[in-house]
1. Residue pairs, Cβ under 6 Å, 6 or more apart or interchain, first in segment 142-154 and closer than 15 Å to V195 by Cα, second within 6 Å of the ligand (Cβ to nearest atom) and not in a helix (DSSP H, G or I). List them.
2. Return the only residue of V107, V65 being under 17 Å from the mean Cα position of the chain (by Cα), open to solvent by less than 30 Å² (accessible area, probe 1.4 Å) and outside the structural domain of D10 (by TED's automatic domain parsing).
3. Of all residues in segment 20-44, how many are open to solvent by less than 10 Å² (accessible area, probe 1.4 Å) and free of Cβ contacts under 8 Å to residues at least 60 places away in the same chain?
4. Tally the residues that are closer than 11 Å to M1 by Cα and among the aliphatic types (A, V, I, L, M), restricting the search to segment 12-34.
5. Just one of the numbered conditions (1) under 19 Å from T141 (Cα atoms); (2) out of contact with any strand residue (DSSP E or B) (no Cβ under 6 Å at 6 or more places or on another chain) is not true of S293; which one?
6. With (1) more than 21 Å from T283 (Cβ to Cβ); (2) away from the ligand (no atom under 16 Å from the Cβ); (3) open to solvent by 10 Å² or more (accessible area, probe 1.4 Å) as the list, and R96 as the residue in question, which single condition is left unmet?
7. Do the conditions hold for V286, that is, is it in contact with a strand residue (DSSP E or B) (Cβ under 8 Å, 6 or more places away or on another chain), at pLDDT 95 or above and either small (G, A, S) or surrounded by fewer than 19 Cβ atoms within 10 Å (Cβ to Cβ) (or both)?
8. When you check A157 against the structure, is it surrounded by 23 or more Cβ atoms within 10 Å (Cβ to Cβ) and away from the ligand (no atom under 15 Å from the Cβ), yes or no?
Amino acid sequence: MHAAVVTTFDAPPRYLEYPEPVAGPDELAVDVVAAALHQRVRSQADGSHYTSTGELPIVPGIDAVVRDADGRLRYALLDDTAFGTMAERTVIEARRSVILPDGVDPVAVAAAMNPAMSSWVALRRRIDFEAGQSVLVIGATGNAGRVAIQVAKRFGAARVIAAGRNRERLAELGALGADEVCTLDGLAAAADVDVVIDYLWGATAEHGLVDMLTARADRGRPLTWIQIGSITGATAAIPSAALRSARLSIVGSGVGSVPGRDYIAELPAIAEAASAGAFDVRTRTVPLRDVESAWTEPLASDERIVFTP
Ligand SMILES: NC(=O)c1ccc[n+]([C@@H]2O[C@H](COP(=O)([O-])OP(=O)(O)OC[C@H]3O[C@@H](n4cnc5c(N)ncnc54)[C@H](OP(=O)(O)O)[C@@H]3O)[C@@H](O)[C@H]2O)c1
């Protein structure tokens with residue numbers, strides 16, 4: 001069979017012949033139908049993700065819509081493995097998969113699940129989000145950010161403010177449920193929110209957090225900052241005074257800070273919503289044999305490549 005194979009972290013995966021996967025106990029060998037190229041997969045393939053062990057070669061891909069031996073479509077989330085989903089076939093654990101309804105669009109589901117999971121799990125499993133709270137999404141023009149607006153509204157957010165650097169893309173976010181938008185140098189406009197969902201971190205958080213706390217009407221009111229992505233920097237220098245002078249909690253949400261069992265517990269509900277078209281993710285379908293060229297193609301940040309073997 002063929003797979004996208006990473007043999008060096010310095011170059012994109014290549015479409016190569018690869019040995020068939022062998023299902024272990026409690027595993028199913030499946031045909032891959034659609035596997036999306038998330039940011040997480042890019043960092044898996046270049047060795048920069050925090051879960052990377054440096055092992056090579058690897059077949060990247062952390063999730064996919066697959067067809068099992070009984071012909072049923074499933075969404076499957078893989079545990080950390082060197083044999084991912086960017087292949088004609090892979091192995092999954094049934095307990096980390098969800099059978100999808102008939103008639104579902106496999107490409108749309110493959111594209112939406114990872115972006116949706118980031119905010120869904122953060123609000124459901126990492127903090128005690130309550131309906132009626134207000135939310136700021138930083139990095140709201142990307143795939144995960146756009147869906148975070150929809151997820152926050154779905155969970156009853158009273159007000160969602162969407163922040164990003166691109167005014168044209170920000171202008172589209174009202175259609176997804178954003179009540180207000182602001183640019184990244186204008187986060188003070190969101191000073192009084194209850195929860196921040198941050199996909200950027202780095203200098204954006206460093207400056208934005210101080211601007212927000214300075215402008216906050218009641219610093220004794222809890223502000224929970226959920227760190228999810230680090231597009232503008234892996235580190236952010238947070239002044240000690242920010243932690244002392246406001247009721248600020250900074251928490252991360254991802255694999256590790258949220259136990260695997262919690263992700264698995266949320267999978268059916270997220271898959272049901274994704275299957276029903278609840279999340280707006282723009283897809284570009286690419287045959288897996290073109291993986292090497294597609295990997296480095298310029299892509300709008302609100303578009304997601306989905307490989308089909
Ligand atoms: N922890 C988790 O569970 C989890 C799950 C999913 C994703 N993530 C992480 O979340 C982050 C976002 O993922 P995604 O899928 O939404 O990525 P994406 O679709 O590529 O979106 C990238 C976002 O970052 C913005 N951006 C890029 N470079 C920027 C810069 N220099 N300054 C300001 N903004 C910039 C983009 O803005 P423009 O629209 O202006 O280009 C866009 O809003 C990634 O770090 C990803 O790894 C984490």
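The values are calculated or read from the model by the stated rules, or taken from the named source; none is laboratory data. Everything numeric in this text was worked out from a predicted model, so none of it was measured. Virtual Cβ from ideal backbone geometry, glycine too; neighbours counted across all protein chains shown. In case anyone asks, the SASA skips ligands and DNA or RNA and just uses the protein heavy atoms, side chains included. Shrake-Rupley method; radii C 1.70, N 1.55, O 1.52, S 1.80 Å.
1. Hits for this filter: G145/G139; G145/Y199.
2. Among V107, V65, only V107 is under 17 Å from the mean Cα position of the chain (by Cα), open to solvent by less than 30 Å² (accessible area, probe 1.4 Å) and outside the structural domain of D10 (by TED's automatic domain parsing).
3. Count: 1.
4. 1
5. Against the list (1) under 19 Å from T141 (Cα atoms); (2) out of contact with any strand residue (DSSP E or B) (no Cβ under 6 Å at 6 or more places or on another chain), S293 comes up short only on (1).
6. Condition (2) is where R96 drops out.
7. Yes, satisfied.
8. Yes, satisfied.
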